[in-house]
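Below is one structure, written out as structure tokens; the observations come after it.
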Amino acid sequence: MAETGPAVRAPRRGAWDFTLMALTVALLAALGVQSFVGTLYAWWAYRAQPGWEQLGYPAFVDTMNAIAGPLVIALVVVMGLCVPKRLFRRRALVAASALMLAAGVGAGVVARSVDTGLGVYLGLAALIQVAVVALTLANAGGLTYVTEGVLAKTGSGLLHLGFVLFCLVVVSLQGSRWMLPVFWSATLLLVGGSALSFWARPRPTDPSGG
Amino acid sequence: MPDLLTIAADVDAAAASLRGVGAILSAGLVLSALALVFAALYPPARARLRTALVAHTSLLAVGEALLLWFHWRLWNAAVVIDPLTGGVTGRIAVSPWVESEKLYVWALALAVMAIVARRHRDELAPGLALAVAVLTLGAIIWGRPFTDPLPDFLGQYRGYLQALGSGSTELAMAAWQGIEGARRFYYNTWYMWVHPPLLFVSYASFVASFVATVLTIRHRRSSFERTAYGWARLGYLPLTLGMLLGFPWAIMAWQGEAWWWSGKVNMSIMMWLLYTAYLHGRLYLRRRGMWKVAVGLAALSFLTLVLTYLATYIVPGAHSVA
């Protein structure tokens, strides 16, 4: 079942895409493992330690948050780096990514708030992603996608925009009057973008003939 | 104030009617599920598998219609009365996928998918039939939607009626606050009518995806992997939508709490993360060895789905029915 297809892109660019994808999968998997272990522990603690819900649960939440925090921040950063890769060539890509990171870190340091830093970083990512979606819809060319076909690319662009907006809601907009409008927009983009991305993609050839 | 004895009698009559017909239907469903197992595992009987599947699905549909009729009767009978004013604050709309009915709805959704499946239909049929049979047997033996319907709701509602008729204002108010809270923030919310069915449709799709994943591992054919992917992407959309719809509700209902570490929520997020990792990683299927990663993630994601479902019963929390 060797799945060897033609290379669709220059090797260095492909390696960068793959690295980001591998990092995303690794971070998602790490959060998944943490969730699993945490749930197992909670299940055991409820049974083995009477009164754990009142006495031990707050400490459990603190520990889980402390472990998940860096993973979630890393996931947001990696996801943000996925955004400009569609738009910029290698050198400009590095510069754009560095600028985004610098703006986020700068805002975080000035406001002394990780949430603010992530909010600024995600806001910039959302702006770039809007440009990416607009250029994709205009079939402007020069954009880099793993998927092929305008509809599939648009779907991919929309779902990434939805994910960035959803992260923005979680990080910065909870309790704000903008929360629900941005949340519903993110939901629409995520689901609609996923559907387009899944069903508009050209079918790959079947090497096994199965 | 409406007559409490009449309300109690109407609720009891609805449950008794369901039990009466449901006992026979339950026996029929068990026999039908065993027939499915036989047809799936005994090759000479395989020719009858599709007929058995259609018959079983029809029986499940009859059962679902019976449950809907029971819920309709409950809607008409179960009113909530304010003990202070004696006025009716509202009816309770218990959705037909709570408590003892969860596995049943999952079995029905999967049975329908097993019938409408086109790609690799014959190869998938034994695995899907077995899964439908297991879910049905679990629903009838463990969930008991017909013979022990909605034990938590009926227990709470009967307790409320008793408290209301006890003559104690204190007892009546405490019981009213409990049932009115459940009515307004749980049973009658639009969310309860959208979130669970979306998840059960996604769960059923993921079962089909898992059956195709097993076939991929067994036969090492990429076409089975594509079938697994087809079902997984079908399940991923309602899963994502269903979980997202829960987000604003969770923020409002559990304000200030770390609800994301609640057992069921936590496991659901993990399941979504793993399915996302699987579908994301699958974009690079043409890379050498990536299909093994994709198949591994698909299998792991399904294992997580099973654990997520079980978490409802074994891990305490907002979704618990343990």
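The values are calculated or read from the model by the stated rules, or taken from the named source; none is laboratory data. Keep in mind it's a predicted model, so treat the numbers as computed, not measured. Cβ atoms come from the backbone with ideal geometry, glycine included; neighbour counts cover every protein chain shown.
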- Go through the range B:138-159 and count every residue that is closer than 19 Å to B:T6 by Cα and in contact (Cβ under 8 Å) with a residue 24 or more places away in the chain. 5
- Message: So, in the range B:185-218, exactly how many residues are over 19 Å from B:L297 (Cβ atoms) and either free of Cβ contacts under 8 Å to residues at least 40 places away in the same chain or of a type in the set (D, E) (or both)?
- Response: 2
- Message: Of all residues being away from chain B (no Cβ under 11 Å) and not small (G, A, S) in the range A:161-180, which is surrounded by the fewest Cβ atoms within 10 Å (Cβ to Cβ)? Just the residue, please.
- Response: A:R177
- Do we find a residue being within 24 Å of A:A195 (Cβ to Cβ), more than 7 Å from chain A (Cβ to nearest Cβ), under 17 Å from the mean Cα position of the chain (by Cα) and surrounded by fewer than 21 Cβ atoms within 10 Å (Cβ to Cβ) anywhere in the range B:198-211? yes
- Message: Which numbered condition in (1) buried (at least 21 other Cβ atoms within 10 Å of the Cβ); (2) more than 8 Å from chain A (Cβ to nearest Cβ); (3) more than 21 Å from B:A107 (Cβ to Cβ) is the only one that B:K292 fails?
- Response: (1)
- Note on the structure: Being touching a strand residue (DSSP E or B) at 6+ places or on another chain (Cβ under 9 Å) and in a helix (DSSP H, G or I) narrows B:R183, B:R158 down to just B:R183
- Are there any pairs, at least 6 apart or on different chains, whose C-beta atoms fall under 7 Å, with the first in the range A:149-177 and assigned by TED's automatic domain parsing to the domain that holds A:T136 and modelled with pLDDT under 85 and the second assigned to a helix (DSSP H, G or I) and charged (D, E, K, R), and if so, which? A:V171/A:D115; A:S172/A:D115
- Query: If you go through the range B:168-182 one residue at a time, do you hit one that is within 22 Å of the chain's Cα centre (by Cα) and modelled with pLDDT under 95?
  - Reply: yes
- Message: Residues that are at pLDDT below 90 and not in a helix (DSSP H, G or I): does the range B:236-249 have at least one?
- Response: no
- The lone exception for A:A68 - which of (1) at the interface with another protein chain (Cβ under 10 Å from one of its Cβ atoms); (2) among the hydrophobic types (A, V, I, L, M, F, W, C); (3) crowded, with 19+ Cβ neighbours inside 10 Å; (4) touching a residue at least 12 places away in the same chain (Cβ under 8 Å) it fails: (3)
- Item | Test: A:L127 is surrounded by 15 or more Cβ atoms within 10 Å (Cβ to Cβ) and not polar (S, T, N, Q) | no
- Task: Consider B:T57 carefully, then state whether it is polar (S, T, N, Q) and surrounded by fewer than 19 Cβ atoms within 10 Å (Cβ to Cβ).
- Result: no
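Surrounded by fewer than 17 Cβ atoms within 10 Å (Cβ to Cβ) and either part of a helix (DSSP H, G or I) or in contact with a Leu (Cβ under 8 Å, 6 or more places away or on another chain) (or both): which single residue out of B:A9, B:A15, B:A39 fits that description? Spell out how you get there, then give the answer.
Values: B:A15 fails: surrounded by fewer than 17 Cβ atoms within 10 Å (Cβ to Cβ); B:A39 fails: surrounded by fewer than 17 Cβ atoms within 10 Å (Cβ to Cβ).
Sole residue among the options that is surrounded by fewer than 17 Cβ atoms within 10 Å (Cβ to Cβ) and either part of a helix (DSSP H, G or I) or in contact with a Leu (Cβ under 8 Å, 6 or more places away or on another chain) (or both): B:A9.
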- Item | Qualifying positions in the range A:178-201 - in contact (Cβ under 8 Å) with a residue 40 or more places away in the chain and under 20 Å from A:L118 (Cβ atoms) | none
- Query: With (1) modelled with pLDDT of 85 or more; (2) crowded, with 24+ Cβ neighbours inside 10 Å as the list, and B:A311 as the residue in question, which single condition is left unmet?
  - Reply: (1)
- Note on the structure: Sole miss for B:L283 among (1) farther than 19 Å from B:A228 by Cβ; (2) at the interface with chain A (Cβ under 7 Å from one of its Cβ atoms) is condition (1)
- Conditions (1) more than 10 Å from chain A (Cβ to nearest Cβ); (2) of a type outside the set (S, T, Y); (3) under 18 Å from the mean Cα position of the chain (by Cα); number of the one not met by B:G263: (1)
